[in-house]
Amino acid sequence: MSITRRPHVRLRAIATAVLALEAAGCGCPDPEPDTSEFTGTVKGPDLKNAREDGDTDEARCEAACRVVAAEVLDEIEKCEAKGPETDPSKPWAEGVEEITVTCTATYTPFQFCTGRRPQGHKEADIAVQSRAGWFAVHAHLERAAVTAFRELAAWLTGRGAPAGLVGRCRDAAADEVRHADALEALALRDGAEVPPPRADPPVDDLFAVACHNAVEGCVSEAFAAVVAAHQAAHARSLELRVLFTRIAADELRHGQLAWDLHAWLWDRLTPAQQTAVAELQARALLDLPGNSRGAAAATPRELGWPDPAHAARMAELFARRLRDAAGLAA
Ligand SMILES: [Fe+2]
Ligand SMILES: [Fe+2]
């Protein structure tokens, strides 16, 4: 791949175009996921969540299927729930304490793109197939983003970066504190614990920081802004629409900060390093649709995420626009 120009990206225009194009039904081919059968029992809070998550028995069964599957599911093709032996035909009746679920589903491994992981971040093992779990994993990632921006501000200060960039990182850290606090409160209210983020110390190396920013900031956090905007419009409750409206505006600023930082770092890289960073970024953009499809499948619909096919389409549109703006090869 050869990169001849300095990346110059205006994220707001791209995010607006992706949301508008996606809403107009602009599509692209979907990747081929794997298919498996899952079976297991669901009880306690998981059963309660499955009952409340669906408006129909089919939707309840799908919520329960997400609990028994060890993978995060893209699409559920078949789902059967059975109640106790005394009356297996009424798994969703009041008073039933345990059900058995058998389902056939497709899945793709994924990571949520929320927030910005600091360098050396260690992924927490949090089950995300419920509303409480979703809030917990996102509160955890938002808290990790606080560290990421604080480390970045300190590193940029040490490198004599413009005060504007340093100040924007400090402001972003303060935004991430608010995001983490808000999502942690929702997780706790739903009965989930939020594990604190863990990470190795950051590496003091310009190339390492550029690689990290090119993926975590320019791709993950920037796309998180688009998804948050979708949640702001589609989350079921007013409380969540208000919260995601605020988060979307903040994440859009953070995504733009990542691209402005990318340009500053770019000027300090050797041509070979620029090529390596661009390749890494192109790979992250290529992985984004599959990753987003998986994340969407693990997200309860009430939270306003697009459905899996829809999320993959948005990610593909986003990746295409970013490639054009940044001069990256497909
Ligand atoms: Fe955030
Ligand atoms: Fe952010």
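Six or more apart or on different chains, Cβ under 8 Å: which pairs go from a residue in segment 259-285 that's free of Cβ contacts under 8 Å to residues at least 40 places away in the same chain to one that's surrounded by 21 or more Cβ atoms within 10 Å (Cβ to Cβ)? Could you list them?
Sorted first by the residue in segment 259-285, then by its partner, the list stays empty.
So, of the residues in segment 137-151 that are more than 17 Å from A185 (Cβ to Cβ), within 14 Å of ligand 1 (Cβ to nearest atom) and not small (G, A, S), which turns out to be surrounded by the fewest Cβ atoms within 10 Å (Cβ to Cβ)?
R150
Results for (1) closer than 16 Å to G255 by Cβ; (2) away from ligand 1 (no atom under 16 Å from the Cβ); (3) of a type in the set (V, I, T), shown as yes or no for each residue.
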| position | (1), (2), (3) |
| --- | --- |
| L186 | no, no, no |
| G191 | no, yes, no |
| V194 | no, no, yes |
| D205 | no, yes, no |
| E216 | yes, no, no |
| V219 | yes, no, yes |
| V226 | yes, no, yes |
| H230 | yes, no, no |
| A233 | no, yes, no |
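Restrict the check to segment 258-270 and report whether at least one residue is acidic (D, E), assigned to a helix (DSSP H, G or I) and closer than 28 Å to D205 by Cα.
Checked segment 258-270: at least one residue is acidic (D, E), assigned to a helix (DSSP H, G or I) and closer than 28 Å to D205 by Cα.
Only one of V226, V209 is crowded, with 19+ Cβ neighbours inside 10 Å, at pLDDT below 95 and among the β-branched types (V, I, T). Can you tell me which?
Numbers: V209 fails: at pLDDT below 95.
Only one candidate passes the filter, namely V226.
I need every pair where a residue in segment 138-150 that is in a helix (DSSP H, G or I) has its Cβ under 7 Å from the Cβ of a residue that is of a type in the set (S, T, N, Q), sequence separation at least 6 or different chains.
Once the first residue is in a helix (DSSP H, G or I) and sits in segment 138-150, its partners that are of a type in the set (S, T, N, Q) give H138/T114; L141/T114; E142/T114.
Looking at the structure I just gave you, is L183 more than 16 Å from ligand 2 (Cβ to nearest atom) and part of a helix (DSSP H, G or I)? Full working, then the answer.
Working: more than 16 Å from ligand 2 (Cβ to nearest atom): no; part of a helix (DSSP H, G or I): yes.
So L183 does not fit the description; no.
Residue by residue, here is whether (1) within 16 Å of ligand 1 (Cβ to nearest atom); (2) under 18 Å from A224 (Cα atoms); (3) aromatic (F, W, Y) holds:
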residue: G120; (1), (2), (3): no, no, no
residue: A132; (1), (2), (3): no, no, no
residue: F135; (1), (2), (3): yes, yes, yes
residue: L156; (1), (2), (3): no, no, no
residue: G160; (1), (2), (3): no, no, no
residue: E176; (1), (2), (3): yes, yes, no
residue: A180; (1), (2), (3): yes, yes, no
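Does at least one position in segment 237-250 carry a residue that is under 23 Å from K122 (Cα atoms), in contact with a helix residue (DSSP H, G or I) (Cβ under 6 Å, 6 or more places away or on another chain) and touching a residue at least 60 places away in the same chain (Cβ under 8 Å)?
Pass one, segment 237-250, residues under 23 Å from K122 (Cα atoms): none.
Checked segment 237-250: no residue is under 23 Å from K122 (Cα atoms), in contact with a helix residue (DSSP H, G or I) (Cβ under 6 Å, 6 or more places away or on another chain) and touching a residue at least 60 places away in the same chain (Cβ under 8 Å).
Just name the residue that is nearest to the chain's Cα centre (by Cα) out of those in segment 239-285 that are among the hydroxyl-bearing types (S, T, Y) and more than 16 Å from ligand 2 (Cβ to nearest atom).
So the first thing to find is which residues in segment 239-285 are among the hydroxyl-bearing types (S, T, Y), and the list is 245, 270, 275.
Then keep just the ones that are more than 16 Å from ligand 2 (Cβ to nearest atom); that gives 270, 275.
Values: T270: 32, T275: 27 Å.
Applying the filter and picking the extreme gives T275.
The values are calculated or read from the model by the stated rules, or taken from the named source; none is laboratory data. A quick note: this is a predicted structure, and the numbers were derived from the prediction, not measured. For neighbour counting, all protein chains shown are included, and Cβ atoms are generated from backbone atoms with ideal geometry for every residue, glycine included.
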